[in-house]
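Notes for the one structure printed next.
The values are calculated or read from the model by the stated rules, or taken from the named source; none is laboratory data. Predicted model, so just to flag it, every value in this text is computed and none were measured. Glycine also receives a Cβ, built like all others from the backbone with ideal geometry; neighbour counts cover every protein chain displayed.
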């Protein structure tokens with residue numbers, strides 16, 4: 001009489017014979033470390049991090065414009081004017097909040113998934129620089145920004161093999 005290969009092996013607690021409970025069981029999916037599904041909360045956190053970083057950048061730029069104008073009017077140190085500018089200080093705070101949100105997002109989402117979201121920051125900053133800072137952007141700037149965003153989204157949304 002021949003023995004099966006697992007006849008002497010102890011049963012694991014989670015081991016169940018296939019076909020119990022009236023049907024075939026689904027194969028268990030293997031979760032790779034660091035590969036989690038993107039949830040609505042994770043996407044919201046990523047979007048918050050990107051938009052707040054872009055907002056902080058626009059505030060920093062505006063603060064530097066104000067500081068530069070003040071130096072041109074009344075002289076003094078640009079570094080001192082920038083360091084005391086409410087827009088620069090608030091921009092640094094907003095940028096700091098975005099960094100904390102980014103760290104929280106990275107604790108939930110793999111970097112290879114999260115980083116392409118930064119491409120959206122290009123569009124937010126380009127739009128804000130036109131609407132808020134009254135800068136000019138030509139068609140090639142828009143086309144180039146859209147190409148970068150498209151490329152990063154394609155890379156980010158492609159499933160690894």
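Out of the residues in the range 135-161 meeting the condition of being closer than 16 Å to residue 54 by Cα and free of Cβ contacts under 8 Å to residues at least 24 places away in the same chain, tell me which one is surrounded by the most Cβ atoms within 10 Å (Cβ to Cβ). Please lay out each step first, then the result.
The first filter runs over the range 135-161 and keeps only residues closer than 16 Å to residue 54 by Cα, leaving 135, 145, 149.
From the residues that got through so far, the ones that are free of Cβ contacts under 8 Å to residues at least 24 places away in the same chain too are 135, 145.
Details: 135: 12, 145: 17.
Only one residue fits best here, namely 145.
Given the conditions (1) crowded, with 19+ Cβ neighbours inside 10 Å; (2) part of a helix (DSSP H, G or I); (3) within 10 Å of the chain's Cα centre (by Cα); (4) touching a residue at least 40 places away in the same chain (Cβ under 8 Å), which single one is not true for residue 47?
(1)
Do the conditions hold for residue 56, that is, is it in contact (Cβ under 8 Å) with a residue 12 or more places away in the chain and either crowded, with 19+ Cβ neighbours inside 10 Å or more than 28 Å from the chain's Cα centre (by Cα) (or both)? Step through it out loud before you land on a result.
Working: in contact (Cβ under 8 Å) with a residue 12 or more places away in the chain: yes; either crowded, with 19+ Cβ neighbours inside 10 Å or more than 28 Å from the chain's Cα centre (by Cα) (or both): yes.
Taking the combined requirement at face value, the residue satisfies it.
Do you know which residues across the range 96-124 are at pLDDT 95 or above and closer than 30 Å to residue 139 by Cα?
98
With (1) assigned to a helix (DSSP H, G or I); (2) surrounded by fewer than 18 Cβ atoms within 10 Å (Cβ to Cβ); (3) without any contact (Cβ under 8 Å) to a residue 24 or more places away in the chain as the list, and residue 65 as the residue in question, which single condition is left unmet?
(3)
With the condition being without any contact (Cβ under 8 Å) to a residue 40 or more places away in the chain and surrounded by fewer than 17 Cβ atoms within 10 Å (Cβ to Cβ), I'd like the helices (runs of 4 or more DSSP H) fully within the range 72-128 carrying at least 2 qualifying residues.
On the way: elements: 78-83, 86-106, 111-114.
Here the list reads 78-83, 86-106.
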